[in-house]
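Down below is the structure, laid out as structure tokens.
The values are calculated or read from the model by the stated rules, or taken from the named source; none is laboratory data. Being a predicted model, the structure only gives us computed values, none of them experimental. A quick note on method: Cβ atoms are made from the backbone with ideal geometry, for glycine too, and the neighbour counts reach across all protein chains shown.
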């Protein structure tokens, strides 16, 4: 068994906090002992899980000599080398979480708590920066080896630029200095409402599910009058919820499990990014900026491949029944959400026959979280009526508009790929002269000279390529998520 090196007790406890028990609980007594092993000094942490009683057992290679938590009055986590336990993305999430928790609560200990947490946030950003190779200007993707870290890196590679890490650390330093001086600031981008007391985060998991794709993110706030349960809403904000209690009673399927605060933070950020894209997509649909397509009930029959439960089925049926409606020249009632057009039989099939809408339409409804524009521009109904009149022509081709009025026809997948290839060639030429050429570091790569820019490009150059590549492929340039087309 490989035993990883913990540079300090602080780092060991961070690692254990990030690895909850199988039941989801993070806490356990954490009795520790120093041991002698072939690899040198070891430290072992053991204890019974506070949730289920299962034995927890962690082993780390341990440094020789004292490892202070505080050095020169500041928090100390490790030496000059990057962590073997916690990846760069996790350190940034830890920094985000510490900075958020530094916000004042109106309690006597606000100032001291802000000083410690903002110091901790600075230290965590510094730990992420240790992964930047000498002479480089960004944390490499290989420094994010966990699911948590990789998701942040894929969504926001710009956060891993050395220049950005310096700006973030300086921001936390200034806020820390204000707190030391007696002025406890609210960190920038702080959510308006903060839990007033201790908070524990949970994931509601479907049967057989895991915390990377929870059905809902929950939190429980301590309160003198009793715990307060909340769920993460579709807009990325917290709202009162009874999901936790219903799952515990057995009224809802699945389980509720404790998750690390930094993972909850990742999921909150993703929810807010998704909400921003969703609102933009709904706005475009309402304004008539999306090509319409006709959903046929008989063209793609068959039950759903990705099963829906009773709650989702009801939501989808409500979507199909309640979206804005219009009547054709023949008097047939039809509906549209500004992107899809469908007839009542599509809703009938879902409600009475358990036959889902065709896969592309179902995917759209799910991506929109069963939300549609409350109102549409009048011209959208005119276009939808013309599309419905065209009707299925007996072929497998989609009955759809080639483009929204006043817009160019969207590129095909083949055209997008050609444009992506052209952009890669242009980008490589643009940065070829300023990118280091180091074939001696890649003796086994016979094609190094052909793609050395891909390998050696700076973090800023990689982010430039990524943003434009996402745009070409019809994705949001900042998050990589698909946008309405």
Notebook entry, point to check: Of all the residues that make up the stretch 231-252, how many are closer than 20 Å to residue 23 by Cα and either touching a helix residue (DSSP H, G or I) at 6+ places or on another chain (Cβ under 8 Å) or crowded, with 18+ Cβ neighbours inside 10 Å (or both)?
Noted result: 5
Checklist line | Residues (exposed (fewer than 13 other Cβ atoms within 10 Å of the Cβ) and modelled with pLDDT under 55) located in the stretch 192-224 | finding: 192, 193
Note to self: Can you find, within the stretch 65-86, the residue that is nearest to residue 132 (Cα to Cα) among those that are buried (at least 18 other Cβ atoms within 10 Å of the Cβ) and at pLDDT 65 or above?
What the structure shows: 82
Item checked: Members of the stretch 109-136 that are crowded, with 17+ Cβ neighbours inside 10 Å and not in a helix (DSSP H, G or I) -> 130, 131, 132
Notebook entry, point to check: Which number in (1) in a loop (DSSP other than H, G, I, E, B); (2) at pLDDT 85 or above marks the one condition that residue 464 misses?
Noted result: (1)
Next item on the list: Exactly one condition in (1) in contact (Cβ under 8 Å) with a residue 12 or more places away in the chain; (2) outside any loop (DSSP other than H, G, I, E, B); (3) exposed (fewer than 15 other Cβ atoms within 10 Å of the Cβ) is not met by residue 375; state its number.
Entry: (2)
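If I ask for residues that are closer than 21 Å to residue 265 by Cα and surrounded by 19 or more Cβ atoms within 10 Å (Cβ to Cβ), which ones from the stretch 137-154 would you list?
Residues of the stretch 137-154 closer than 21 Å to residue 265 by Cα: 139, 141, 143-154.
Selection gives 139, 143, 144, 148, 149, 151, 152, 153.
On the given criteria, is residue 56 outside any loop (DSSP other than H, G, I, E, B) and more than 30 Å from the chain's Cα centre (by Cα)?
Numbers: outside any loop (DSSP other than H, G, I, E, B): yes; more than 30 Å from the chain's Cα centre (by Cα): no.
When the stated conditions are applied, residue 56 does not pass them.
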